[in-house]
1. Quick check: convex hull over the Cα atoms of region 27-169, volume per residue in Å³, rounded to an integer?
2. State the extension gain, in nm to one decimal, for the chain segment bounded by N204 and N177, taking 0.36 nm per residue of separation less the distance between their alpha-carbons.
3. Can you give the Kirkwood hydrodynamic radius for region 152-207, in Å, rounded to one decimal and based on Cα pairs?
4. Please give the Cα centre distance for region 236-252 versus region 78-118, rounded to the nearest Å.
5. In whole Hz, what ³J(HN,Hα) sequence does region 243-257 give by Karplus (6.51, -1.76, 1.60; θ = phi - 60°), x for Gly and Pro?
6. Scaled to the compact-protein estimate 2.2 N^0.38 Å, what is the alpha-carbon radius of gyration of region 182-233, rounded to two decimal places?
7. Using the Cβ atoms and a cut-off under 11 Å, what net charge is assigned to the surroundings of K114, where Lys and Arg are +1 and Asp and Glu are -1?
8. Say each of K2 and T77 gets a label point 7 Å from the Cα, pointing the same way as Cα to Cβ; how far apart are those two points in nm?
Amino acid sequence: MKKIYLGTNTKMYKNIGGTVAFLEELGRLTKNISRRELELFVIPSFTTLETAGRLGEQQNIRIGAQNMGWADEGQFTGEISPLMLREVGVTIAEIAHSERRQLFGETDEAANQKVHAALRHGITALLCIGETRQQKELGIADEILRLQLKVGLHSLRKQDLASVWIAYEPVWAIGVNGEPATPEYAADKHRVIVDTLSELFGPNEVPLLYGGSVNPGNAAQLAGLPHVDGLFIGRSAWNAESFNHIIRSVLPVFRAKAAVSISA
Ligand code: PGA
């Protein structure tokens, strides 16, 4: 059975002290939630990873990196290799977040190399996809999602999917100027993603997370949608209490959905 996936990327916000305080509090608040059911993860800044990796293990919180180079080592100034990330306890690599795509020119081809690098080193690849506002307005969102999946997951074998998660994050929904996707819209795009993944790989259990302006007011509704296995949250999760509040509000929704699908 699929787990429930709830996590946050703290972007370029928390320093080491802030990350430690956040992880300690989040660990304490969520201690009584079984990690057999919940995959709880935090993706902080690179400079915090060594400390976060140690703390995450104590607190049962998986730690991810916000980016990753695709080579093991070499002449790649400014890049961090999967081996280096493994060394500090990172088990998830966030790949091609929309800010990396929009601001730093990251391509689907680069994302594909990073996905392969993560898999080679036993790191879960969290591939982020999503259409821009312009692509949405042009009516090509579905094509864009299919393209990002086909290139991003190119030449993966079916068994590799055990270490792949997909986050659908419409670019226009992300951040302070973002406007959350309506449940109907998000459900429709999750359906496109599921269809594309089954076309590429046959039946599979790749977890699909929704992200983009998830907040305490819309989290439960988004969690209840078909094909939404988790939520990838920014601003609303950066305070441990508020994140815990969202977690507690969506767990029963995910559980109810799983119960219905088992009895169906
Ligand atoms: P947001 O960020 O929840 O603050 O919109 C989401 C993300 O960038 O993953």
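1. Spread over its residues, the Cα hull of region 27-169 gives 132 Å³ apiece.
2. On the way: separation 27, 0.36 × 27 = 9.72 nm, distance 3.45 nm.
Working it through step by step, the gained length comes to 6.3 nm.
3. Numbers: mean 1/r = 0.0785 Å⁻¹.
Value: 12.7 Å, from the Cα pair sum.
4. Centre-to-centre distance over Cα atoms comes out at 27 Å.
5. In residue order, the calculated couplings are 5, 4, 4, 5, 4, 5, 7, 9, 3, x, 5, 5, 4, 5, 5 Hz.
6. On the way: Rg = 11.3 Å, N = 52, 2.2 N^0.38 = 9.9 Å.
Rounded to two decimals, the normalised Rg is 1.15.
7. Details: positive: R100, R120; negative: E79, E94, E106, D108, E109.
Neighbour charge sum, excluding K114 itself: -3.
8. 4.3 nm
Any read-out appearing in this document is the output of simple, stated calculations on the displayed coordinates, not a laboratory observation. Not measured: the values here are computed from a predicted model. Every residue, glycine among them, receives a Cβ derived from its backbone with ideal geometry; neighbour counts consider all protein chains shown.
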